[in-house]
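The values are calculated or read from the model by the stated rules, or taken from the named source; none is laboratory data. Note that the structure is predicted; figures quoted are calculated from it, not measured. All Cβ positions, glycine included, derive from the backbone under ideal geometry; neighbour counts span all protein chains shown. Only protein heavy atoms, including side chains, enter the accessible area calculation; ligands, DNA and RNA are left aside. Shrake-Rupley method; radii C 1.70, N 1.55, O 1.52, S 1.80 Å.
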Amino acid sequence: MKFLKWSLPAAMLLLAGCGVTNQTSLPIPFLSSIPDDAKYIETVKLPTPPLEKAEGLKKARIKVLASSVGLADFPQLQSYAQSVLDRIIAAAPAGAPDAKVYLLANASPGAMAVPEGAIYIHFSAFQYLQSEDQLAFLLGHEYSHVALQHSPENLLRSLRPYLVTAMDFAVSRAGSDSQLRKSFQLYGSDIISRDVLLPVWDRSAEKEADFLGLDLMTKAGYNPSESLRFLAISGKYDDSFERLHLSTRNQLEKQLDAQLATKTDSPLWNKFTGEFRDAIGKIQEQISSRHEDAKDRMVALVGYMKREYAMERRRPINNVVYAKTVDQNADVLDHYFDAHKVIAALQKAEFEPGQKINVGKLESLARRAVGGKTSDHAYTRYAFSKLRAYQGKYSLALKNIDLIAGQDGDDVLPFQISLERAEMQQSIGKKKLAITQMEVAAAHYDWPVEAYHFLIPMIAAQGDKGRVNELKIGCVARYPQQRELCAVSQ
């Protein structure tokens, strides 16, 4: 975790390295179920998926969409990815569950799976992956988490209630009078999706997903060697993404570190910072469960392939369909990346005082992003809205948000966009509308902590003590670690 630079206890590092080496010299984690003398797929026993799958899928989907800027509208690419996944599932052991692919509107690298049977890949995957074989490994790896019913944990999601409040305090105490509830917007939508949305698995689960994913893709007729190229390519993209957003991350870390290092005359704030630091200490116990470096994963897969797959099996399938499908969607993909460039530039300007940006260039990119088929997409309009807000043109920013087409079968916007809309409505005096629409979004997404932090002081200012008390009780019930901060208006 690159968030706030507390050092890890030596014991944690020792535990992170615990493992055994089998006859093939592969670094197999201690207590791993991976055999050392057979293919994993030949010995694995798949657990039975939970019976309440439909309800679980709905809840998991709400959590995903509450932490992103929505789904990416690429029906052809989604259908194509589903066909690859279906081919992989058909090769899976008996009893393997079904799963569905969705594309998220985020440019950050990676993908995620939920045990209930959904896989979310970022639209950027189709920009850096070069073949259907590489896509097959990505999907095979994520599907393995579903088939094995791995329960993901997330480092930063555990800190989410604390982080939201910390940013609220940081901005309000700085005397800012515009968009006081920036909270996670300061971190940037694509950074959110990479660091907050993506799940983290323990080392043994990650190895199991790599090896079973390799077995599944190979059994489905794909080239196992492409798994190594996938790791090399995705590793490079991850590095470039990290460099692009480095200033955003560094400045946020500095702001939080300054806030948490400062003692105030407020016992409430001091108690909160103490709890925040304690929470980070607990999170450090899970730090070893982060995805391993791509090079480490490649070393393990090379050994596994040498042991289990002869060279003649390592031939790519016909990738003409992959290239053709991506090419047919290249224009829309380019529009999404234009939107990402706008967002990244605005983040940098927001975090680096004095940083000059070329507004004319961003205007051109933003207009191109919302051209043609992407005129009503959440991600492209979100970027244009952020540009207008940066210019102080909140009414125009809101008009861009109003043009976003509804998702998830209704007209509710992605939660992060709903929050930005409410903040802008507040800034131009449309407070009643902001409250009404935020209440709807909060209920739809099962009340993320940001909704409480926005609504409680807004409704308190209107004098509705009954509703304020209801929100405080709900806040404490859902986020007991914030009981003191939920109990008072900021």
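Scanning the stretch 14-40 for residues that are open to solvent by 30 Å² or more (accessible area, probe 1.4 Å) and either assigned to a loop (DSSP other than H, G, I, E, B) or at pLDDT 85 or above (or both) gives Gly17, Cys18, Gln23, Thr24, Ser25, Phe30, Leu31, Ser33, Asp36, Asp37, Lys39. Checking each residue of the stretch 89-104 against the condition of being β-branched (Val, Ile, Thr), more than 20 Å from Phe74 (Cβ to Cβ) and open to solvent by 10 Å² or more (accessible area, probe 1.4 Å) gives at least one match. Against the definition (within 25 Å of the chain's Cα centre (by Cα) and at pLDDT 95 or above), how does Met424 come out, yes or no? No. Taking interchain pairs and intrachain pairs at least six residues apart, which have beta carbon atoms under 7 angstrom, with the first residue in the stretch 264-278 and among the basic types (Lys, Arg) and the second open to solvent by 30 Å² or more (accessible area, probe 1.4 Å) and modelled with pLDDT under 75? Taking only residues 6 or more apart or on different chains, the pairs are Lys271/Glu484. Among the conditions (1) closer than 27 Å to Val370 by Cα; (2) of a type outside the set (Gly, Ala, Ser); (3) touching a strand residue (DSSP E or B) at 6+ places or on another chain (Cβ under 9 Å), Val84 misses just one, which is (1).
Scanning the stretch 397-454 for residues that are of a type in the set (Gly, Ala, Ser) and at positive phi yields Gly409, Gly429. Would you say Glu55 is open to solvent by 10 Å² or more (accessible area, probe 1.4 Å), part of a helix (DSSP H, G or I) and over 30 Å from Met305 (Cβ atoms)? Taking the combined requirement at face value, the residue satisfies it.
When restricted to residues that are polar (S, T, N, Q) and not in a helix (DSSP H, G or I), the stretch 425-467 contains 1.
Restricting attention to the stretch 283-297, which residues are open to solvent by 50 Å² or more (accessible area, probe 1.4 Å) and at pLDDT 70 or above? Listed by number, the residues that qualify are Asp293, Lys295, Asp296.
Can you find even one residue in the stretch 181-204 that is modelled with pLDDT under 70, under 24 Å from Ala345 (Cα atoms), more than 19 Å from the chain's Cα centre (by Cα) and part of a loop (DSSP other than H, G, I, E, B)? Yes, because at least one residue in the stretch 181-204 is modelled with pLDDT under 70, under 24 Å from Ala345 (Cα atoms), more than 19 Å from the chain's Cα centre (by Cα) and part of a loop (DSSP other than H, G, I, E, B).
Residues of the stretch 212-249 that are of a type in the set (Ser, Thr, Tyr) and either over 16 Å from Gln130 (Cβ atoms) or surrounded by fewer than 18 Cβ atoms within 10 Å (Cβ to Cβ) (or both): Thr218, Ser240, Ser247, Thr248. With respect to Ile435, determine if the residue is among the β-branched types (Val, Ile, Thr), open to solvent by 50 Å² or more (accessible area, probe 1.4 Å) and closer than 25 Å to Lys393 by Cβ. No.
Scanning the stretch 384-399 for residues that are among the aromatic types (Phe, Trp, Tyr) and farther than 11 Å from Arg421 by Cβ returns Phe384, Tyr390. Every condition in (1) among the aliphatic types (A, V, I, L, M); (2) open to solvent by 60 Å² or more (accessible area, probe 1.4 Å); (3) under 26 Å from Asp376 (Cα atoms) holds for Ala405 except the one numbered (2). On the basis of being exposed (fewer than 14 other Cβ atoms within 10 Å of the Cβ) and under 29 Å from Arg277 (Cβ atoms), does Ile473 make the cut? Spelling it out, Ile473 is indeed exposed (fewer than 14 other Cβ atoms within 10 Å of the Cβ) and under 29 Å from Arg277 (Cβ atoms).
With respect to the stated conditions, Lys63 fails to be exposed (fewer than 14 other Cβ atoms within 10 Å of the Cβ) and at pLDDT 70 or above.
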